[in-house]
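One structure is given below, encoded as structure tokens.
The values are calculated or read from the model by the stated rules, or taken from the named source; none is laboratory data. Everything quoted here is computed from the prediction, not taken from an experiment. Positions of Cβ are generated from backbone atoms using ideal geometry, with glycine treated the same way; all protein chains shown enter the neighbour counts.
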Amino acid sequence: MKRNIIVSLTCAAAMLMMLPAFGQGVNKLTKKEKKNGWVLLFNGTDFSGWRQCNGTEMPKNWKIEDNAMKVFTGEGKKPGSGANGDILFGDKKFKNFELSIDWKASKMANSGIFFNVREVPGKPIYYAAPEVQVLDNVDATDNKVASHLAGSLYDMIAADPKTVNPAGQWNTIVILVQNGLVTHTQNGVKVVEY
């Protein structure tokens, strides 16, 4: 059965901030969306269903502020250097889905959205999961390779960098996974298909 997902969050680390629907309030599903199988993954108030990859708790560098999940640079880390803050929604598994995320990156932010995660003990989330890149395309240190820019299938297929808004502005990415075909639509433009 096709499962749809709507969410306002991400799954990685490095000073990334997200708010539902461009800061217009907490996401809520309509009766029609619920009937059509949509699942809300973030309620705007707590981390219900979320945990660290290969863990049971939320990492300390994640906070909820203004109805948004926010991740901050880990103690002793530089922006974009990782902070063991990779999280996943562990309450339910999805095969075919549509994941919609509103995100806003701060200056130098480097993060990602991982899906179809296979947890491997002792390994980071990117060891066994594809990543849709979330990045400050201008000032992040990982902006030298086209397939490392926002919206790209990280290190594999580049997205059009003209479709991303700069640091401090909102972006929407929709990841559609249907019977092995995956598309990334960034700010209304299909940027990657595989």
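A quick yes/no check of all residues on (1) within 22 Å of V117 (Cβ to Cβ); (2) surrounded by fewer than 19 Cβ atoms within 10 Å (Cβ to Cβ); (3) at pLDDT 90 or above:
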position: G25; (1), (2), (3): no, yes, no
position: N36; (1), (2), (3): no, yes, yes
position: G44; (1), (2), (3): no, yes, yes
position: T56; (1), (2), (3): yes, yes, yes
position: V71; (1), (2), (3): yes, no, no
position: G76; (1), (2), (3): no, yes, no
Taking the stretch 74-90 and keeping residues at negative phi and more than 16 Å from the chain's Cα centre (by Cα) leaves G74, E75, K77, K78, P79, S81
Per-region count, the stretch 140-194, residues in a strand (DSSP E or B), touching a residue at least 40 places away in the same chain (Cβ under 8 Å) and of a type in the set (V, I, T): 8
Here is a check on your reading of the model: is T163 hydroxyl-bearing (S, T, Y), closer than 20 Å to L88 by Cα, surrounded by fewer than 20 Cβ atoms within 10 Å (Cβ to Cβ) and modelled with pLDDT of 95 or more? no
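Quick check: anything in the stretch 87-105 part of a loop (DSSP other than H, G, I, E, B) and in contact with a helix residue (DSSP H, G or I) (Cβ under 6 Å, 6 or more places away or on another chain)?
At the first step, the residues of the stretch 87-105 found to be part of a loop (DSSP other than H, G, I, E, B) are 90-96.
Still in the list and also in contact with a helix residue (DSSP H, G or I) (Cβ under 6 Å, 6 or more places away or on another chain): none.
Among the residues of the stretch 87-105, not one is part of a loop (DSSP other than H, G, I, E, B) and in contact with a helix residue (DSSP H, G or I) (Cβ under 6 Å, 6 or more places away or on another chain), which makes the answer no.
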Pairs only if they're at least six apart or on different chains, beta carbon under 9 angstrom, first in the stretch 26-46 and farther than 19 Å from N67 by Cα, second among the aromatic types (F, W, Y) and surrounded by 14 or more Cβ atoms within 10 Å (Cβ to Cβ); list them, first residue then second. K32/W38
Residue that is surrounded by the most Cβ atoms within 10 Å (Cβ to Cβ), among those in the stretch 166-185 that are more than 12 Å from V132 (Cβ to Cβ) and hydrophobic (A, V, I, L, M, F, W, C): A167
